[in-house]
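All of the numbers you see were taken from the coordinates with simple rules; none came from a lab. Fair warning: this is a prediction, and the values are worked out from it, not measured in the lab. Every residue, glycine among them, receives a Cβ derived from its backbone with ideal geometry; neighbour counts consider all protein chains shown.
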Amino acid sequence: MSEEPRPAVLVTNDDGIDSEGLRLLAEAAVQAGLAAVVAAPATQASGSSAAMTATSADGRIVVQRRKLAGLEEVAAYAVEAVPAFIAFTATRGAFGFIPDLVLSGINRGPNTGRAVLHSGTVGAAMTAATVGVRAAAFSLDVRSGGEPQWQTGAAVAAQILPALRDLPPGVVLNVNIPNVPPDQVRGIRRAHLAEFGAVQVTVVATAEDHLQVTMAESGQQPEAGSDSALLAGGYASVTPLRPVCEAPQSWLPWPAGA
């Protein structure tokens, strides 16, 4: 009797192909029995959301084969494009297969609250979900000066992957992980999106020819049960998301089309 084929997974990120978080997420996918292929931006692409930006040479997107340490059997590509573009093209067979799952991360820094709209990490997962692919975005709560606890992120990802495979098509799990040693994570909890993200953008000056903005931690107290609050409390938070949901048409004053 032939073995059942392993689910195919694309692993991407917005920190770039050389990120240790990306490598460990791919390793977790392989250890979970998934057939992984890595395709990630050649350079940093944070904050790119679901942009479709790519760099072309003579009309062709530049792609380079790479090798990831300890994952020599896993095909890996550095792509001159942002993560959502990579996920979008992957779901159309760009890397030789159609993924059953898309994993994005492990991001250096949290992606919490409604600010996930602007995240390249979450944007890649959401883009895949628009065509019915199950996806997950993983982020490690690394703040300025903190040493990333990548193994903690990988350990949490390993626990999330079995649940991801059982979800309805087109669902994204947004996972935020505290930046502590693995034995200090208090557990995994469901969470809703906080009203605000971990970082606040403030316009401090305007003029005819420029804007001046600052980015800093919000300093606001997150509401109980939110991803920000649970993360601050030492838990890994998981929030299910769906991309591009319509609002009720009854809100509009015009008649329905035939």
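Fully extending the segment from Arg143 to Glu246, taken as 0.36 nm per residue of separation minus the present Cα-Cα distance, adds 33.6 nm. Based on C-alpha pairs under 8 angstrom that are at least 6 apart in sequence, the stretch 127-182 has a relative contact order of 56 percent. Extension gain for Glu4 to Lys67 (0.36 nm times residue separation, less C-alpha to C-alpha distance): 20.0 nm. Restricted to Cα atoms, the stretch 75-175 shows a radius of gyration and a Dmax of 13.5, 40 angstrom. Based on Cα contacts under 8 Å between residues 6+ apart, the stretch 95-137 shows a relative contact order of 50 percent.
Listed peptides 83-90, 130-137, 182-189 appear in the order 83-90, 130-137, 182-189 once ranked by packing, highest mean of other Cβ atoms within 10 Å at the front.
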